[in-house]
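Read-outs: derived from the displayed coordinates by stated rules, not from any lab. Fair warning: this is a prediction, and the values are worked out from it, not measured in the lab. Ideal geometry is used to build each Cβ from the backbone, glycine not excepted, and the neighbour counts take in all protein chains shown.
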Amino acid sequence: MRLIAEKRENSSRLFRFSAPFVSVLIALFVAGFLLIFAGVNPGEAYVEIFREALGSSYGLSETLVKTTPLIFAGLGVSLAFRMQIWNIGAEGQIYMGAMGASWVALFSGIQNHWIMLAAMFSAAFCCGGLWAGVAGFLRAKWRVNEVIITLLMNYIAILWVDYLVYGPWKDPKGFNFPLTAQFSDAARFSEYFDTRLHSGFFLALFCALLIYLFMERTIWGYEIKVIGSNPKAAQYAGMKTGMAIFLVLFLSGAIAGIAGFSEVAGLQHRLQHGISPGYGYTAIIIAWLAKRSALGVVIVSFLMGVLLVGGDSLQISWQLPVAFVYAFQGLILFFLLASDFFIQYRVRLKGGRANG
Amino acid sequence: MVEILLDATVRAGTPILFATLGAIINERAGIINLGIEGLMLIGALAGFAATSLSGSLLIGVIAAFVAALLAGSVHGFITVQLRGNQIVSGLALTMFGIGITALFGRSMVGLTIAGFERLTIPGLSMIPVIGKPFFNQDALIYLSFVLVFAIAFFFYRTRWGLALRTVGENPAAADTCGVPVNLYRFLAVSIGSGIVGIGGAYLSLASTPMWIENMSAGRGWIAVALVIFASWSSYRALAGAYLFGGITAMQLRFQAMGTTISAHILQMLPYIFTILVLVISTVRLAKGASQQPESLGQPYDREDRK
């Protein structure tokens, strides 16, 4: 007797649709054991996550606050995924976007609210885009591995922002904390319902709609999909794959950069050390879980927002490290990959001799 | 002065050397492993915890090897048996490693142990200039020398090494010859991951004998890039790892000398340098000198027709 895997003729749609949710559930189950080992009651912890993140209007607003940068970064990463390009550098692109927006906010002296926001947006867009564009250029020109380049550039971007906020941009009145002076009112988003929920959230939803239209209703979106699924065919069809790789990575980074703009304009109102606690890495999971849809990115970002808000409260009440959320996210990905296998293959016990 | 710099070079390069060697074994079998960063952390924590509980450095190193081997075997199972996406699975492993070590490392923060001490090799350590930096070091550094030669010997002088290389180049051909492709791949991923774990243990048992959350600080990613620089050869991995050790040593030296350059800028150097090296080696590989295993990154399914 032995186990064999055979390809399914066609996979069940129900199975395909439910796989991400089942993966999250199994990951919750396995993470429960890790929590027990760490001396935390998983049942209580999970109840707390959902109560904190969804149980009150304040909790819900905090969840949406965390959902906002995740949507931008998730959209950016998933755009590149469509073309089979791996942008693992959303974290660094968020930092560079935040830096660009802060540069405008601190030093441009623009008084008008809308001109200021437009200028900050453009700076963040360009900084994030160019940061990812380096990897795009290298990949398009010499096929340099974009996974490693985008990832290594995260470290450089974070160190660069640290250099600024510990050095030349440090607020002289900031009691030596690593942060810049506060932005003027012109450089801030409106906030709503007496919570920290800010215009960035609605900008993120709008951005998701634009990406959806771009991918589904324009020739460029179509080209991206073709190059992603069959680069040879794309080349025969006369598509400029090299240029497309550069542009897609640029756009991918630019959208992640907007997350940085939204964080400094809507939430922090200044540039400071550690402005993103890993949103760019969570974005990779979001993009993978959401498969191919911009709407999926919004939904999964919200799920991850719940997890992050809940994780923050676990940190306070159980002294769990914030990074624990990464372990959980890793588990989700493992189970998602495993479920992909069971979608494609049927496992059967085959009788008889092993050589049969 | 040169001796001091060389000494610091070897010590800073050794964790990266172990990680690069482990990654090479993975990739020679055709499996990309982007979990190196997470595996280093798992090795670092397991090694430190086992040593501080048992008081034995040897047990610490074994624990690091076993813990990283087990974690790596998850990547192996998903990418080999389940034919899952290697990039996603590797990233998942890194995230899992960062998270799990942060969780279980809480109780280890602030503890200290007696780390590895220097063992002078008589005779060899008397060689001028290079004697002290290479032969007045700790046992793990000597282990890394042995591994460099052992891995090269394994790949080019044994049947199993030949089979493993074939599995990475052309799994269908290996399969035809009766080589159990999936078993070879799974074992290569697991054992390679274990070796990466020893690199992590070097950080927590020798470099700074303590546990610090996220103490690998991107070295795992530098190792992934170095595999390409090394064109999948263990000798060149040694050169690459020491090149990076050298950059790190010089950067630390600058800081110690009280330079006016910001520490943050200096800390960027190894990453910037890695990017430059990766670009140069990729361009060089593209000019026909490619050593990249032919089927790197592709799952093997006997039923697939190519």
Using alpha carbon centroids, what distance separates the range B:75-143 and the range B:247-306, in Å? 18
Quick query: amide H of A:Leu179 versus all other amide H atoms, modeled in the peptide plane; which residues come in under 5 Å with a sequence gap of 5 or more or a different chain? A:Asp171
Lysines whose Cα lies under 27 Å from that of A:Lys170, excluding same-chain neighbours fewer than 8 positions away: A:Lys66
Among all helices in chain B defined by DSSP H, which have a length of 30 Å or more along the axis from Cα atoms plus a Kyte-Doolittle mean of at least 1.6? B:263-284
Express the relative contact order of chain B as a whole percentage, based on alpha carbon pairs under 8 Å and six or more residues apart in sequence. 37
Hey, for a label at A:Lys291 modelled as a point 7 Å past Cα toward Cβ, could you say which residues of the range A:317-336 have their backbone N under 19 Å away? A:332-336
Could you pull out every residue, at least 5 positions away or on a different chain, whose amide H is within less than 5 Å of the one on A:Tyr345? Hs are placed 1.01 Å off N in the peptide plane, and Pro or chain starts have none. A:Arg8
Estimated 222 nm signal from helices in chain A, with DSSP H stretches of n ≥ 4 weighted -39500 (n - 2.57), rounded to 500: -24000 deg cm²/dmol
Taking the Cβ of A:Val264 as the centre, find all other residues whose Cβ is under 10 Å away and add up their charges (Lys, Arg: +1; Asp, Glu: -1). +1
Tally Lys and Arg at +1 and Asp and Glu at -1 over the other residues with C-beta under 10 Å from the C-beta of A:Thr180: what net charge comes out? +1
Checking the a/c ratio against 1.5 first, then a/b against b/c, what shape does the Cα gyration tensor give for the range B:156-280? prolate
What's the local net charge at A:Gly221, with K and R +1, D and E -1, over the other residues with C-beta under 12 Å away? +2
Quick one: Karplus J couplings for the range A:184-194, per residue in order, coefficients 6.51, -1.76, 1.60, θ = phi - 60°, nearest Hz, x for Gly and Pro? 6, 4, 4, 9, 10, 6, 6, 10, 10, 6, 6
According to the Kirkwood expression over distinct Cα-Cα pairs, how big is the hydrodynamic radius of the range B:2-289, in Å? 19.2
With -39,500 (n - 2.57) per DSSP H segment of 4 or more residues and division by the full residue count of chain B, the 222 nm estimate, nearest 500 deg cm²/dmol, is -22500 deg cm²/dmol
The answer for chain A, counting only DSSP H helices whose Cα atoms cover 20 angstrom or more along the axis and whose Kyte-Doolittle average is -1.0 or greater, is A:13-37, A:57-82, A:90-107, A:113-142, A:146-166, A:200-217, A:241-263, A:294-318, A:324-344
